[in-house]
1. Scan the stretch 1-42 for residues that are of a type outside the set (A, V, I, L, M), over 22 Å from the mean Cα position of the chain (by Cα) and modelled with pLDDT under 75 and jot them down.
2. Examine the stretch 43-59 for a residue that is at pLDDT below 80 and of a type in the set (Ser, Thr, Tyr), and state whether such a residue exists.
Amino acid sequence: MDRIRVSVALVVADLVDRLGRRLGPVDERGGGRNSDEGIHISAGAILAGIIATAVAAFVAKKLGALE
């Protein structure tokens, strides 16, 4: 039982360490990988994809491709 507990503790510690390195700041000035700038860029890309899909569906409907 102790062996299982130690194994689980090591896995959890490794996971916390990996997440800390992944989400932590890139340098001493901050601005980690999950910064506001990255979120805004992602949101813009998602909105652009939605708009492009809507325009393509509108054009396809007008051309009769969806009927």
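1. Of all residues in the stretch 1-42, those of a type outside the set (A, V, I, L, M) come to 2-3, 5, 7, 14, 17-18, 20-22, 24-25, 27-38, 40, 42.
Next, only the ones that are over 22 Å from the mean Cα position of the chain (by Cα) stay: 2-3, 5, 7, 28-29.
Asp2, Glu28, Arg29, listed by residue number.
2. First, pick out the residues of the stretch 43-59 that are at pLDDT below 80: none.
Looking through the stretch 43-59, none of the residues is at pLDDT below 80 and of a type in the set (Ser, Thr, Tyr).
The values are calculated or read from the model by the stated rules, or taken from the named source; none is laboratory data. As the structure is a prediction and not an experimental result, all values here were calculated from the model.
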